[in-house]
1. Here are some residues: Ala156, Ala140. Which one is modelled with pLDDT of 95 or more, within 14 Å of Ala67 (Cα to Cα), aliphatic (A, V, I, L, M) and surrounded by 11 or more Cβ atoms within 10 Å (Cβ to Cβ)?
2. Filter the stretch 28-48 down to the residues that are out of contact with any Phe, Trp or Tyr (no Cβ under 6 Å at 6 or more places or on another chain) and modelled with pLDDT under 85 and list them by number.
3. Scanning the stretch 35-90 for residues that are crowded, with 16+ Cβ neighbours inside 10 Å and polar (S, T, N, Q), which turns out farthest from Gln150 (Cα to Cα)?
4. Would you mention how many residues in the stretch 21-53 are touching a residue at least 60 places away in the same chain (Cβ under 8 Å), touching a Gly at 6+ places or on another chain (Cβ under 8 Å) and over 24 Å from Lys109 (Cβ atoms)?
5. Taking the stretch 91-121 as the region of interest, how many residues are surrounded by fewer than 16 Cβ atoms within 10 Å (Cβ to Cβ), among the hydrophobic types (A, V, I, L, M, F, W, C) and either over 16 Å from Thr75 (Cβ atoms) or modelled with pLDDT under 80 (or both)?
Amino acid sequence: MAMKRPEPVQVVKQRRDAALSALVHGVPYVQFLGIEFDRRGDELTAVMPFDEGLIGNPMLQALHGGAIAGFLEVTAVIGLAWSVLWEELENGEMNLEDITAGQMPRLPKTIDFNVDYLRSGLPRDSYARARVNRSGRRYASVHVEAWQDQRARLFAQATGHFLMPPRGNG
């Protein structure tokens, strides 16, 4: 019996990028903050480009704490949703056609979210990565770290707990 040929790498990449784009651009708040996501394999890096509207204290030229918290929470939610979506795409449980037609899975709901502001956010692009510590059928825990110029020099971090949506429901 002949084995099924694997899909070309470019087709797989296009499917993953289209799914991520549909997930990210389906959330209006992500658009408001201008956040984009850079995907490398199953790892996502959130990018919040600097905008004058994100400044909270014009005297210090520091990013607004709410913008930072929003950036971290969006990174956590999208990272968590992507980890589930990634698995469903790879297992064939979800089709790209469903995703691009707007039939995205429901996003996790925030139970609590704690932000640690480690230093002022400077007027420049910000980056963040989420690490899913635990993801079960009903509950998930996520840690997020944000930096600007140097990955090792964080300006904020957060931990969040989320209620997972039922699987198999769009």
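1. Values: Ala140 fails: within 14 Å of Ala67 (Cα to Cα).
The match here is Ala156.
2. Across the stretch 28-48, the qualifying residue is only Gly41.
3. If we take residues in the stretch 35-90 being crowded, with 16+ Cβ neighbours inside 10 Å and polar (S, T, N, Q), then Ser83 is farthest from Gln150 (Cα to Cα).
4. Residues flagged as touching a residue at least 60 places away in the same chain (Cβ under 8 Å), touching a Gly at 6+ places or on another chain (Cβ under 8 Å) and over 24 Å from Lys109 (Cβ atoms) within the stretch 21-53 amount to 1.
5. The total comes to 3.
The values are calculated or read from the model by the stated rules, or taken from the named source; none is laboratory data. Only a predicted model underlies this, so the values are computations on that prediction, with no experimental measurement involved. Backbone-built Cβ (ideal geometry, glycine too); neighbour counts: all protein chains shown.
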